[in-house]
Ligand SMILES: NC(=O)c1ccc[n+]([C@@H]2O[C@H](COP(=O)([O-])OP(=O)(O)OC[C@H]3O[C@@H](n4cnc5c(N)ncnc54)[C@H](OP(=O)(O)O)[C@@H]3O)[C@@H](O)[C@H]2O)c1
């Protein structure tokens with residue numbers, strides 16, 4: 001069989017990053033990839049359709065020790081999650097033409113996880129989903145975001161009861177007291193730093209904090225301290241971190257639940273789609289100045 005070769009573009013991390021990531025920390029490289037799959041192997045050759053830009057990728061741009069993900073290697077390609085089409089396959093579970101979801105597991109390796117047997121948009125619901133789920137469960141939900149457009153969207157599109165622009169609030173303790181005069185029952189932590197400190201003093205007795213992310217800390221050489229941890233004791237607060245990796249086995253069940261909700265319009269989502277592989281570095285960097293409105297994806301090809 002004649003050897004089939006195709007051009008393969010990569011984004012290379014030039015060096016470990018300090019402070020905020022910049023487009024100049026990355027460079028493009030072109031090489032060729034062989035499409036043929038040797039008989040008897042379970043190799044799968046993929047064409048990326050969509051790539052996901054995620055805040056955790058910033059951590060991987062630093063030299064990490066004892067973390068749940070591995071550092072990227074300077075001089076090597078940046079990897080991430082996405083949606084791809086199988087071009088050639090030696091694995092009967094992933095036949096040619098099938099669309100798959102790619103996830104990065106704890107050690108930083110790609111894994112093909114699920115065939116997509118539905119034709120909705122590949123991105124599902126990210127953190128706005130948390131507020132929407134809370135509304136479905138009958139909670140009163142207050143969100144925070146970094147500009148007016150996002151604040152308005154939280155209230156008008158995502159159905160939050162209230163929302164505020166944290167960049168315009170100079171006393172977060174007073175802000176939280178304004179929105180939660182009786183205290184906070186549940187806080188979904190995505191930010192860390194000053195917000196977490198203000199939340200701790202405004203939690204109710206036996207309140208709960210799910211710790212998902214701390215994006216305000218990812219670009220700091222020295223992370224800010226948290227000063228109000230004593231509230232955990234005084235208010236008997238339960239605070240627990242979680243990682244999406246631990247729940248991948250529930251993803252098919254999640255799709256079963258979420259797709260009808262999306263189709264019925266009960267759960268909505270917004271995607272920010274950067275078109276073209278060449279725009280991936282700017283899309284990734286933009287996450288840390290709030291340039292994205294909605295889940296940031298990069299469209300490489302629609303088929
Ligand atoms: N535990 C897990 O398994 C897991 C999985 C996925 C994501 N996460 C975490 O969840 C959080 C949200 O991630 P996402 O994937 O949904 O992406 P995302 O919300 O699109 O993250 C980017 C947004 O974060 C906000 N931001 C950036 N710098 C900030 C700062 N210094 N302070 C406050 N907000 C800041 C910006 O919005 P504004 O304009 O509003 O500032 C920006 O648009 C992140 O902390 C991420 O690490 C955790």
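Take every DSSP beta bridge whose two residues both sit in the chain; close to 60 percent of them are antiparallel. Counting only alpha carbon atoms, the long axis of helix 193-202 and the longest principal axis of the chain meet at about 40°.
Normalising the average separation of contacting C-alpha pairs (under 8 angstrom, six or more residues apart) by the number of residues puts the relative contact order of the chain at 17 percent.
Descending by average beta-carbon neighbour count within 10 Å, the peptides 153-164, 58-69 line up as 153-164, 58-69, the highest first. For the chain, the longest principal axis of the C-alpha atoms and the axis of helix 251-263 are separated by about 70°.
Sequence gap at least 6, Cα distance under 8 Å: using those rules, report the relative contact order of region 2-58 to the nearest whole percent. Intermediate results must be reported in sequence, preceding the final value.
On the way: 51 pairs, mean separation 20.7, N = 57.
Relative contact order, region 2-58: 36 percent.
Relative to the longest principal axis of the Cα atoms of the chain, the long axis of helix 127-136 makes an angle of roughly 60 degrees. Taking max minus min of the alpha-carbon positions on each principal axis, region 141-232 gives extents of 35, 33, 24 Å, largest first. Between 274, 210, 283, the residue with the greatest mean-square fluctuation in the GNM of the chain (Cα pairs under 10 Å linked by springs) is 210. Of the Cα atoms belonging to the chain, the radius of gyration and Dmax stand at 21.1, 72 Å. Note that region 234-303, at 25 °C in a medium of 0.890 mPa s, gets a Stokes-Einstein diffusion coefficient of 159 µm²/s from its Kirkwood radius over C-alpha pairs.
Throughout, read-outs are computed from the coordinates displayed, never taken from laboratory work. Predicted model, so just to flag it, every value in this text is computed and none were measured. All Cβ positions, glycine included, derive from the backbone under ideal geometry; neighbour counts span all protein chains shown.
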